[in-house]
Amino acid sequence: DEITSTEIRTIEIPEEMITTISNSLNVTSEYTETQGYIPDNLEIVNYNYEVSPMDIINGDQRSPVSEMSRSRFPYTAIGYERSTWRDGTDTRGTGALIGDNIVLTCGHNIYDYQREEFATSVTFTPGRWSLNGSGSAPYGSSVATDWYHQEYSENISADMTPFEQAQIDWGILVLEDNLGDTVGAMNVRWYHDFNAVDSLGVRISGYPKNINNDLSTIIYEQYESAGNITDAWEDAVSYRIDTSGGQSGSPVFEP
């Protein structure tokens, strides 16, 4: 049956996530975070890197996550997101597991304010990689049974600036399966003093549709790049790191 906007709007954030966030916010420190975890069979990948702002401007600095790293955390917790719309078309995005079956992503991956409609289904595939020109699913896929996007869908409007839109452009997926048990889950961090984020070194990894403006080839590889936060506000940050269509919802994380 067709999903109506009323059915979607009544969905709430899972109780266990509310409890986790509430407990974290009682901590008085520079920042608070949810409790991410790494399964025993996965390793953390850390990088030391230097990125010149001039290099980012002069060319596409994204590179595919290496074959060795793609099976390691945190890249296993970052996934390809496919949203299907009422007319039968699909769009791609990116999300990151922040719990057993909780994915953090962009609001516009769930609700299209220009068409004023919600996605009819959303599927999440962690650690997806190319296989014979299409996408493989080494850790399986899961359909979202519920999702939360009220802040975005109820407040977004065409007369907002891109910056104003970005401040509310987030959503949460509740998956049918506990994929995080296999691939791990990333922490979500809240800084009490958002100025502390300024100049922070970060990495972004996700699923761009194309690289180097090559529209002739659609890819299914996870690409990453690194740089620094250039400015921070209460509800948003800016950076000079290459991203493009398909990477909406990509996590910004400390390496």
Inset, instruction - Set the Förster radius R0 to 30 Å, insert the Cβ-Cβ distance between residue 130 and residue 176 as r into 1/(1 + (r/R0)^6), and round the FRET efficiency to 0.05. - result: 0.75
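Keeping all protein chains in place, calculate the accessible area per residue for segment 53-194 (probe 1.4 angstrom), answer in Å². Mind showing how you got there, number by number?
Details: 6280 Å² over 142 residues.
Here the residues of segment 53-194 average 44 Å² of exposed surface.
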Inset, instruction - Could you go through segment 61-73 in sequence order and give the Karplus-derived ³J(HN,Hα) for each residue, using 6.51 cos²θ - 1.76 cosθ + 1.60 with θ = phi - 60°, rounded to whole Hz, and x for Gly and Pro? - result: 9, 6, 9, x, 4, 4, 4, 5, 7, 4, 9, 10, 6
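In whole percent, what relative contact order does segment 125-238 give with Cα contacts below 8 Å and a gap of six or more residues? Please list the in-between numbers first.
Values: 150 pairs, mean separation 29.2, N = 114.
Computed over segment 125-238, the figure is 26 percent.
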Legend entry - Length released on extending from residue 116 to residue 154, taking residue separation times 0.36 nm less the Cα-Cα span: 12.6 nm
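Whenever you get a sec, compute what percent of the accessible area on segment 102-255 sits on carbon and sulfur atoms (1.4 Å probe).
Values: 3060 of 6980 Å².
Its accessible area is 44 percent carbon and sulfur atoms.
The values are calculated or read from the model by the stated rules, or taken from the named source; none is laboratory data. Only a predicted model underlies this, so the values are computations on that prediction, with no experimental measurement involved. Note that each Cβ is placed from the backbone with ideal geometry, even for glycine, and that neighbours are counted across all protein chains shown. For the accessible areas, the whole protein counts, side chains as well, though only heavy atoms, and no ligand, DNA or RNA atoms are used. Shrake-Rupley method; radii C 1.70, N 1.55, O 1.52, S 1.80 Å.
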